[in-house]
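Structure, as structure tokens:
Derivation of every value follows stated rules applied to the coordinates shown; laboratory data play no part. Source: prediction; values computed, not measured. Glycine gets a Cβ as well: all are built from the backbone with ideal geometry, and neighbour counts include every protein chain shown.
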Amino acid sequence: MFGLIGFGVAAAVGIVGHMKSRKFVGRKLRFTSIVEKPGIGLMAGVAATIVASPVVAILPLVGVGTAVAFGAGVGTGVSLGVSDAKKPLLED
């Protein structure tokens, strides 16, 4: 029972991390040079996993998988946000 709750929390955290990071990169980092770096999604995902690891170590019901899901969500969100940022704002 608690494993299923932990899985649901991990999935929700991964999805929210993906949506928020994609929107942030697509809108706010559009005009910066950071979106031109090829491995920015991987770097953001690893950094998010490292930052989330101490938090999930304290919380009950969640484990390392939650931190990994959050990092994967942020990494994929940043990668897709970079592709969104390269699209033109207005179409002709």
Item to check | Longest segment of the chain lacking trypsin sites (Lys or Arg not before Pro) that sit in a DSSP loop with at most 11 other Cβ atoms within 10 Å | outcome: 29-85
Item to check | Potential extension, VAL46-LEU80 segment - 0.36 nm per residue separation minus Cα distance | outcome: 10.6 nm
Next on the checklist: Using +1 at the C-beta of Lys and Arg and -1 at the C-beta of Asp and Glu, which of GLY63, PHE24, VAL78 has the Cα lying farthest in the positive direction of the dipole of the chain?
Outcome noted: PHE24
Item to check | Two-site label geometry, ALA11 and SER53: point separation in nm, points 7 Å out along Cα→Cβ | outcome: 2.7 nm
Next on the checklist: Can you tell me which of LEU59, LEU29, LEU42 moves the most in a GNM of the chain? Springs connect C-alpha atoms under 10 Å apart.
Outcome noted: LEU59
Checklist outcome for this item: For segment 9-85, the dipole about the Cα centre with charges only on Cβ (Lys and Arg +1, Asp and Glu -1), to the nearest 20 debye, works out at 260 debye
